[in-house]
Amino acid sequence: MLLNQFLILAAILFCTGVYGVISRRNGVLVLMSIELILNSVNLNLVAFSAMTGAVAGQVFALFVIAVAAAEVGVGLAIVLAIFRNFRTVDIDEVDLMKG
């Protein structure tokens, strides 16, 4: 496959993730959209790593996967704490963190 095909797929995933973060008000869907963004970055890293023959991109992709796993754990803990206090995961209804 050509590099352009991987880059187009990564761009589509990234745009879908950004749209999900901007338009969604559900906390779980926002976390899923952030995961889409991180997966598009991983796809770019692995595609460029395969193109150049270097292993550094694949190593960075593994680090991004580890950070994404930690982000999901912390994010779900925050969503569960919000749900316990407010009985909703709708981000618009939770204005506790606004200044």
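For the reader, a short list of remarks on this structure follows.
- Condition check for Val74: among the β-branched types (Val, Ile, Thr) and under 15 Å from the mean Cα position of the chain (by Cα): yes
- When we screen Val94, Val28, Val79, Val89 for residues that are at pLDDT below 90 and touching a strand residue (DSSP E or B) at 6+ places or on another chain (Cβ under 8 Å), the only hit is Val89.
The values are calculated or read from the model by the stated rules, or taken from the named source; none is laboratory data. All values derive from a computational prediction rather than experimental measurement. Cβ coordinates were reconstructed from backbone atoms using ideal geometry, including for glycine residues, and neighbour counts include every protein chain displayed.
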